[in-house]
1. I'd like the FRET efficiency for ASN63 and THR17, computed as 1/(1 + (r/R0)^6) with the beta carbon distance as r and R0 of 25 Å, rounded to 0.05.
2. Label-point separation (nm) for ARG48 and LEU102, each offset 7 Å from Cα along Cα-to-Cβ?
3. Count the net charge of all other residues whose Cβ sits under 14 Å from the Cβ of GLN91, scoring Lys and Arg as +1 and Asp and Glu as -1.
Amino acid sequence: MDNSSFYMELDFSTELTPAERFEEFHRRNPQVYSALKSMTAEMVNRGRRKIGIKMLFEVLRWNYYLQTDDPNSDFKINNNYAPYYARLIIQENPHWENVFELRTLRG
């Protein structure tokens, strides 16, 4: 995969809620969810019972290292998206409901 096209930059010139920012990012970057879901499946298949979603973010950053112009983050994947991705993975894969520890969303 060409690293330069792995992420699509977002325009944050308008005020959006954290959930709206995530939804926009997710809509424009479906490959991020696909990669997170694949990594989760691989770790579960290797016997892991608990996985940190932020660890998966760091693996993506390592594998697809690029700077970003996103004013909300120094990375292509904003850490604020982590709880939303964990919830989406669980929502679409209920058999993984205990893999990620979920906390109450703020904001």
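1. On the way: r = 29 Å, r/R0 = 1.17.
The pair ASN63/THR17 has a calculated efficiency of 0.30.
2. 1.9 nm
3. On the way: positive: LYS37, ARG87; negative: GLU23, GLU92, GLU97.
Around GLN91, the surrounding residues sum to -1.
Every read-out reported here was derived from the displayed coordinates using simple, explicitly stated rules and does not represent laboratory data. Since the structure is predicted, the reported quantities are computational estimates derived from the model, not experimental observations. Glycine gets a Cβ as well: all are built from the backbone with ideal geometry, and neighbour counts include every protein chain shown.
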